[in-house]
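Peer 1: Take this structure, written in structure tokens, and hold onto it; I'll ask about it next.
The values are calculated or read from the model by the stated rules, or taken from the named source; none is laboratory data. All figures in this text were calculated on a predicted structure; none of them were measured in a lab. Here the Cβ positions follow ideal geometry from the backbone for every residue, glycine too, while neighbour counts run over all protein chains shown. All accessible areas refer to the heavy atoms of the entire protein, side chains included, with ligands and DNA or RNA removed. Shrake-Rupley method; radii C 1.70, N 1.55, O 1.52, S 1.80 Å.
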Amino acid sequence: MKYYLLFFIFLIFNSFSCAQSNQDDFWNHEIENSSDIIKPYTLSTHPFGIYISRLNHNFNVRSPDKYSFSFEVSSGNVVLPYVKSYELTNPDDREKSKNLVWHVREYAFDLDKTPSKTKEFTADGVIRSYRFNFTLPLTVNHELSFSLRANSLDRGKYPFSVFTSDEFIEWFHRNIAGGKDPFSRYHYGINKAGISYKDENDKVLTMNNNDFIISGFDLNYTYYPKLEMNEKHHIYLNFGAQLGINTSRYNPAADFGVSSSILKKIIIKNKNILSFGLSAGVLRQHILEYGDGVNISNQDFLCSFEGLIDYKVKLRNNNRISYGINYNFQNSYNKKKDMDYMVLTGERINTHWQKTISHLYEDVEGWSFICTYSTKRFSYFVYLREDLNLDNAPDLQTGIGVKMSIKKN
């Protein structure tokens, strides 16, 4: 499968290369008028997602004329109480389970004697993601970037966690919106940290308070074709390919992904820019394995989609400030059909107790609100991400970062 993907990408890139012109004057004009969109790495700090080289979609229109370095930190609060699942293996039991509502299945089987594959999962704390990125422009149409991914887990206490602390989230639920926290933080205890997952093969993933890991690095290639609609309609395309090397002992594998984006820019008053973007991609997990890890996802492909609205304002000092809304979608970490044969057990003290495991079989969605201030060499950005379908993995996430550009000689 991976060879077909590589061949397909080559054909696309080659066809556009043959059609494009080398009019650099056009691109120099476009970079002045359109400018880059600084989009942070807004993917969720999910207890499983941090071990996978997921696609971060690109909404730029051309390769920059400068080298750039960036560093960003994201923090996401996760509360997933202990839940154990039984995936039934007997065909008769499966048929019976399929015809029962999920929350009554526990009482319909003697789980100590029923053939099944079991999983156990619990996660609590603030997961932090650290991302170092270097972008190397090759030509106006081609660029390479290198990213290093690292993560840590802690209890989320002040002053290192403000909006993502247990206290703030519980206060927000009780006093502003949502009412009493449906995940019962105070019942399980606030400011705790720990992740434990046992897969169906009894292999265990753990992460404890103050643990720090380097989860992998990514190599990204992006191609920006020059098309007639760029100049006529300010509509742009880009195509990307990503090779991700996961370095943790829990997921010793390489992933390969492809993506494509389309962007429409509207220039307002000859200085401000309103952009609308759509992007889609697919990541093939485990194209190469170099160890025996934990089964954290049984999907061969992780498909993702992003939508972006960005408004960039040019200030009197020629600096810019932009405001953006980003929507991210990813298909579930595990195959949805497996939930037909799943029995969940846990402490039923709230309406969302089952989410710890059931959310692994649901699509992932999130909204991010982004603000960026850019000077000639530096861009500073912050964002806030909220889970859309209340999977609590994470509940609330924030991020901050800086990007520095260096003029090529």
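Peer 1: Can you pull out the residues in region 314-337 that are under 18 Å from A393 (Cβ atoms) and touching a strand residue (DSSP E or B) at 6+ places or on another chain (Cβ under 9 Å)?
Peer 2: Listed by number, the residues that qualify are Y327, N328, F329, Q330, N331, S332, Y333.
Peer 1: Same structure again: So, F69, is that one in contact (Cβ under 8 Å) with a residue 60 or more places away in the chain and surrounded by fewer than 16 Cβ atoms within 10 Å (Cβ to Cβ) or not?
Peer 2: Values: in contact (Cβ under 8 Å) with a residue 60 or more places away in the chain: yes; surrounded by fewer than 16 Cβ atoms within 10 Å (Cβ to Cβ): yes.
It is true that F69 is in contact (Cβ under 8 Å) with a residue 60 or more places away in the chain and surrounded by fewer than 16 Cβ atoms within 10 Å (Cβ to Cβ).
Peer 1: Let me ask another. Just checking, how many residues over region 270-300 are within 20 Å of S332 (Cα to Cα) and part of a loop (DSSP other than H, G, I, E, B)?
Peer 2: 8
Peer 1: Would you be able to say whether some residue in region 183-198 is of a type in the set (S, T, N, Q), in a strand (DSSP E or B), closer than 30 Å to I287 by Cβ and open to solvent by less than 30 Å² (accessible area, probe 1.4 Å)?
Peer 2: From region 183-198, those of a type in the set (S, T, N, Q) are 184, 191, 196; that's our starting set.
Checking which are in a strand (DSSP E or B) leaves us with 196.
With closer than 30 Å to I287 by Cβ added as a condition, the list becomes 196.
If we keep only those that are open to solvent by less than 30 Å² (accessible area, probe 1.4 Å) too, we end up with none.
No; the residues of region 183-198 include none that is of a type in the set (S, T, N, Q), in a strand (DSSP E or B), closer than 30 Å to I287 by Cβ and open to solvent by less than 30 Å² (accessible area, probe 1.4 Å).
Peer 1: Now, a different point. Filter region 213-226 down to residues that are assigned to a strand (DSSP E or B) and more than 19 Å from the chain's Cα centre (by Cα), then give me how many there are. Spell out the reasoning first.
Peer 2: Of region 213-226, the ones assigned to a strand (DSSP E or B) are 213-223.
Filter once more, keeping what is more than 19 Å from the chain's Cα centre (by Cα): 223.
Count: 1.
Peer 1: Still on this structure, I have one more. Hey, can you tell me all the residues within region 80-119 that are buried (at least 17 other Cβ atoms within 10 Å of the Cβ) and closer than 21 Å to K198 by Cα? Don't jump to the end; show me each part of the working.
Peer 2: Taking region 80-119 first, the residues buried (at least 17 other Cβ atoms within 10 Å of the Cβ) are 80-88, 93, 97, 105, 109, 116, 119.
Answer for region 80-119, where residues must be buried (at least 17 other Cβ atoms within 10 Å of the Cβ) and closer than 21 Å to K198 by Cα: L80, P81, Y82, V83, K84, S85, Y86, E87, L88, S116, K119.
Peer 1: Just checking, does region 194-214 include any residue being touching a His at 6+ places or on another chain (Cβ under 9 Å) and either at pLDDT 90 or above or not small (G, A, S) (or both)?
Peer 2: The initial filter retains those residues of region 194-214 that are touching a His at 6+ places or on another chain (Cβ under 9 Å), namely none.
The answer is no; no qualifying residue exists.
Peer 1: Taking the condition of being charged (D, E, K, R), open to solvent by 60 Å² or more (accessible area, probe 1.4 Å) and at pLDDT below 90, how many residues in region 378-409 meet it? Before the answer, list the steps.
Peer 2: Going through region 378-409, the residues charged (D, E, K, R) turn out to be 385-387, 391, 395, 403, 407-408.
Adding the requirement that they be open to solvent by 60 Å² or more (accessible area, probe 1.4 Å) leaves 386, 407-408.
Remaining after also requiring at pLDDT below 90: 407-408.
Residues in region 378-409 being charged (D, E, K, R), open to solvent by 60 Å² or more (accessible area, probe 1.4 Å) and at pLDDT below 90: 2 in total.
Peer 1: Hey, among the residues in region 307-322 that are of a type outside the set (D, E, K, R) and in contact with a Lys or Arg (Cβ under 9 Å, 6 or more places away or on another chain), which one's nearest to L263 (Cα to Cα)? Show your work before the answer.
Peer 2: Of all residues in region 307-322, those of a type outside the set (D, E, K, R) come to 307-309, 311, 313, 315, 317-319, 321-322.
Add one more test, that the residue is in contact with a Lys or Arg (Cβ under 9 Å, 6 or more places away or on another chain), and what stays is 308, 313, 318-319, 321-322.
Working: L308: 9, V313: 18, N318: 24, N319: 22, I321: 19, S322: 16 Å.
Applying the filter and picking the extreme gives L308.
Peer 1: In region 280-329, which residues are of a type in the set (S, T, N, Q), over 26 Å from T206 (Cβ atoms) and open to solvent by less than 40 Å² (accessible area, probe 1.4 Å)? Give the steps one after another, and end with the answer.
Peer 2: Here is the first cut: in region 280-329, the ones of a type in the set (S, T, N, Q) are 285, 295, 297-299, 304, 317-319, 322, 326, 328.
Those still in the list that are over 26 Å from T206 (Cβ atoms) too: 304, 317-319, 322, 326, 328.
Matches in region 280-329: S304, N319, S322, N326, N328.
Peer 1: Specify the residue that is most open to solvent (accessible area, probe 1.4 Å); the eligible residues are those in region 226-267 that are charged (D, E, K, R) and touching a residue at least 40 places away in the same chain (Cβ under 8 Å). Walk me through how you get there before you give the answer.
Peer 2: To start, the set of residues in region 226-267 that are charged (D, E, K, R) comprises 226, 228, 231-232, 249, 255, 264-265.
Right, trim to touching a residue at least 40 places away in the same chain (Cβ under 8 Å) and you get 226, 231, 249, 255, 265.
Details: K226: 30, E231: 115, R249: 172, D255: 0, K265: 8 Å².
My answer is R249.
Peer 1: Does any residue of region 252-259 turn out to be in contact with a His (Cβ under 6 Å, 6 or more places away or on another chain), outside any loop (DSSP other than H, G, I, E, B) and among the hydrophobic types (A, V, I, L, M, F, W, C)?
Peer 2: Among the residues of region 252-259, at least one is in contact with a His (Cβ under 6 Å, 6 or more places away or on another chain), outside any loop (DSSP other than H, G, I, E, B) and among the hydrophobic types (A, V, I, L, M, F, W, C), which makes the answer yes.
Peer 1: Name every residue in region 93-119 that is part of a loop (DSSP other than H, G, I, E, B) and touching a residue at least 12 places away in the same chain (Cβ under 8 Å), in order of residue number.
Peer 2: Looking only at region 93-119, we keep the residues that are part of a loop (DSSP other than H, G, I, E, B), and these are 99-101, 108-115.
The answer is A108, F109, L111, T114, P115.
Peer 1: Pairs under 7 Å by beta carbon, first residue in contact (Cβ under 8 Å) with a residue 12 or more places away in the chain and farther than 13 Å from S279 by Cα in region 44-66, partner among the aromatic types (F, W, Y) and surrounded by 24 or more Cβ atoms within 10 Å (Cβ to Cβ), six or more apart or different chains?
Peer 2: Pairs found: R62/Y224; S63/Y224.
Peer 1: Scan I400, I357 and give me the residue that is touching a residue at least 12 places away in the same chain (Cβ under 8 Å), aliphatic (A, V, I, L, M), at negative phi and assigned to a strand (DSSP E or B). Reasoning before the result, please.
Peer 2: Numbers: I357 fails: assigned to a strand (DSSP E or B).
Going through I400, I357 in turn, the sole match is I400.
Peer 1: Scan region 131-156 for residues that are open to solvent by 50 Å² or more (accessible area, probe 1.4 Å) and within 24 Å of the chain's Cα centre (by Cα) and jot them down. Let's see the steps before the verdict.
Peer 2: Residues of region 131-156 open to solvent by 50 Å² or more (accessible area, probe 1.4 Å): 132, 134, 138-139, 146, 148, 155.
F132, F134, F146, L148, R155 - these are the residues of region 131-156 that are open to solvent by 50 Å² or more (accessible area, probe 1.4 Å) and within 24 Å of the chain's Cα centre (by Cα).
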